[in-house]
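Working notes, structure below.
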Amino acid sequence: PTVHFTDSEGTTRDIDANVGDSVMETAVRNGVPGIVAECGGSLSCATCHVFVDESELDNLPEMSEMEDEMLWGTTEDREDNSRLSCQLKVTEDTDLHVTTPETQV
Ligand code: FES
């Protein structure tokens, strides 16, 4: 599985991800900038905000009410393709493109 992280300047990093990790963990483990993840994945910080490639949104599991609520608290305003990356699990088939916001805090 691969996660492609593009930062706000347009630089893309293609990362080999481990099945079972979240997209947030994949970023943190590999030193990908742009994801802060203050709460460590417990859905209480909203500093793991990413914008998902529109064409890939439907492949993702639906967001929980809690994630939806937390997305109103992101530093860079949410868009229709916003998700919290700690809630996105890497699977065997993952080939996901996300963009990180300019700032998380
Ligand atoms: Fe805190 Fe995702 S890491 S909400």
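Within the group THR11, THR47, THR2, THR74, which residue is within 11 Å of the chain's Cα centre (by Cα) and of a type in the set (Ser, Thr, Tyr)?
Details: THR11 fails: within 11 Å of the chain's Cα centre (by Cα); THR2 fails: within 11 Å of the chain's Cα centre (by Cα); THR74 fails: within 11 Å of the chain's Cα centre (by Cα).
Being within 11 Å of the chain's Cα centre (by Cα) and of a type in the set (Ser, Thr, Tyr) holds for just one of THR11, THR47, THR2, THR74, which is THR47.
Out of all the residues in the stretch 22-45, which are touching a helix residue (DSSP H, G or I) at 6+ places or on another chain (Cβ under 7 Å) and in a loop (DSSP other than H, G, I, E, B)?
Residues satisfying the conditions are ILE35, ALA37, GLY41, LEU43.
State all residues of the stretch 10-21 that are assigned to a loop (DSSP other than H, G, I, E, B) and of a type in the set (D, E, K, R); if no residue qualifies, say none. Give the derivation first.
At the first step, the residues of the stretch 10-21 found to be assigned to a loop (DSSP other than H, G, I, E, B) are 10-11, 17-21.
Hit for the stretch 10-21 is ASP21, nothing else.
Show the residue pairs that are 6+ apart or on different chains and have beta-carbon atoms under 6 Å apart, the first residue being within the stretch 8-32 and free of Cβ contacts under 8 Å to residues at least 12 places away in the same chain, the second being outside any loop (DSSP other than H, G, I, E, B).
From the stretch 8-32, the pairs are THR12/HIS4; THR12/THR6.
Every number in this text was worked out from the coordinates using simple rules, so none of it is lab data. Since the structure is predicted, the reported quantities are computational estimates derived from the model, not experimental observations. So basically every Cβ, Gly included, is an ideal-geometry build from the backbone, and we count neighbours across all protein chains shown.
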